[in-house]
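The values are calculated or read from the model by the stated rules, or taken from the named source; none is laboratory data. Here the structure is a predicted model, which means the values were calculated and not measured. Positions of Cβ are generated from backbone atoms using ideal geometry, with glycine treated the same way; all protein chains shown enter the neighbour counts. Protein only, heavy atoms only, side chains kept; ligands, DNA and RNA dropped before computing areas. Shrake-Rupley method; radii C 1.70, N 1.55, O 1.52, S 1.80 Å.
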Amino acid sequence: MLACALFGVTAQAQNVEKVEIGDNQNFGITYSLPQTDVCATLNMVCYQIAAGPYAQYAEKYLGLKDVAMDDQTKWELVSLTIEDVPVPDQERTFHIHFPEKGALPTFYLTEDGFLLSINREPDVNEVAAVEKKTEQEQKLVLKASDVMSEDILRAGSKAKQAELAAKEIFSLRESKRDILRGEIENMPKDGASLQIMLENLDAQEKALLSLFVGVTTEKQVSKNVHFVPSKSVDNKVYFRFSEHEGLVDNDDMIGEPYYISIRITEDNRMEQPEVDPKKKPALGIAYNVPGKAHVTLSFDGETVAETDMFMGQFGHVEQLPVAQFTDKKKVVSATFNQVTGSIKTYEQ
């Protein structure tokens with residue numbers, strides 16, 4: 001059922017907002033540090049099966065077993081990818097007010113309000129996903145009503161109709177064999193004409209066969225599952241999947257459970273010092289020193305995939321003094337990791 005399970009680290013390209021500190025910003029800026037959302041993308045296929053009117057005669061006249069007697073819906077989990085996605089940490093949202101004197105730094109933020117860089121244009125991958133259009137061969141598709149003969153339609157019972165339809169299917173198969181063996185009159189003179197003739201016979205056979213085996217339509221569906229851990233967890237139900245319903249609620253026992261475990265391997269959380277209300281707080285640019293966790297996904301007692309992720313919520317906050325970025329003589333720039341909130345570069 002699970003053809004592929006992958007872990008990946010992806011920071012999707014976002015729109016970047018350039019913020020110039022000034023009167024229009026009231027000489028301040030607000031931004032959030034990220035915490036990690038373990039986001040799973042489930043790529044599924046939904047099969048809608050409409051039972052054929054002659055399904056009960058499929059084995060008798062065509063030797064076909066396990067044919068759907070009633071309309072059915074089946075789901076298949078084709079692939080599963082898991083990514084660490086940043087989401088704003090409401091408990092780590094900051095507003096910084098700058099003095100009107102001195103150099104005013106330039107900030108670059110993501111559309112989600114994460115800090116990307118200061119005094120330096122960020123190197124953000126803005127390459128848009130190119131829509132890939134695959135040329136598909138157009139094949140002839142016929143309905144059963146298009147190929148049902150007058151004898152089939154005039155038959156007095158469904159059993160007789162099924163019998164005549166089955167004979168027509170065998171006749172079409174015999175015609176194809178004769179063509180491939182070159183045993184018919186007026187054989188096509190070129191390969192293209194031969195191909196068209198065979199495709200027409202295939203379409204007729206498929207249409208008549210649908211009267212017995214039914215018609216199956218496929219629909220591709222992708223859904224996301226989110227989990228923002230605040231502590232270590234062991235075999236927590238991540239999501240449930242049912243071959244009849246697809247992705248279902250975690251408390252719906254019709255679905256088979258997939259479990260997630262989070263084991264903190266680098267705990268960089270620190271107790272916040274008590275703040276003296278009489279003391280003016282230091283003015284600084286807050287950034288994350290993230291922690292790290294081992295993430296495991298399992299199904300039916302077997303590990304599907306595992307990886308390590310840096311997570312801001314398992315770290316603590318440090319600050320860069322604002323004065324470093326307001327000195328006109330020494331221009332300082334910094335860039336930050338938008339997934340973890342940590343410092344990437346710091347340069348004078």
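Numbers below:
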| quantity | calculated |
| --- | --- |
| The stretch 298-318, residues that are farther than 15 Å from Arg269 by Cα and in contact (Cβ under 8 Å) with a residue 24 or more places away in the chain | Ser298, Phe299, Asp300, Val304, Ala305, Glu306, Thr307, Asp308, Met309 |
| Contacts under 6 angstrom Cβ, first residue in the stretch 198-217 being closer than 18 Å to Ile179 by Cβ and open to solvent by 20 Å² or more (accessible area, probe 1.4 Å), partner assigned to a helix (DSSP H, G or I) and among the charged types (D, E, K, R), 6 or more apart | Leu201/Lys176 |
| The stretch 161-186, residues that are open to solvent by 90 Å² or more (accessible area, probe 1.4 Å) and either among the aromatic types (Phe, Trp, Tyr) or over 19 Å from Leu201 (Cβ atoms) (or both) | Phe170 |
| Per-region count, the stretch 46-71, residues assigned to a loop (DSSP other than H, G, I, E, B) and under 11 Å from Glu163 (Cα atoms) | 1 |
| Complete set of residues in the stretch 319-328 that are free of Cβ contacts under 8 Å to residues at least 40 places away in the same chain, open to solvent by 50 Å² or more (accessible area, probe 1.4 Å) and touching a Gly at 6+ places or on another chain (Cβ under 9 Å) | Gln319, Pro321 |
| Some residue of the stretch 329-341 being loosely packed, with under 12 Cβ neighbours inside 10 Å and either modelled with pLDDT under 95 or farther than 27 Å from Thr41 by Cα (or both) | yes |
| Within the stretch 4-45, tally of residues that are in a loop (DSSP other than H, G, I, E, B), touching a strand residue (DSSP E or B) at 6+ places or on another chain (Cβ under 7 Å), surrounded by fewer than 17 Cβ atoms within 10 Å (Cβ to Cβ) and at pLDDT 65 or above | 1 |
| Helices (runs of 4 or more DSSP H) fully within the stretch 141-253 counting 1 or more residues that are hydroxyl-bearing (Ser, Thr, Tyr) and out of contact with any helix residue (DSSP H, G or I) (no Cβ under 8 Å at 6 or more places or on another chain) | 144-147, 158-181, 191-213 |
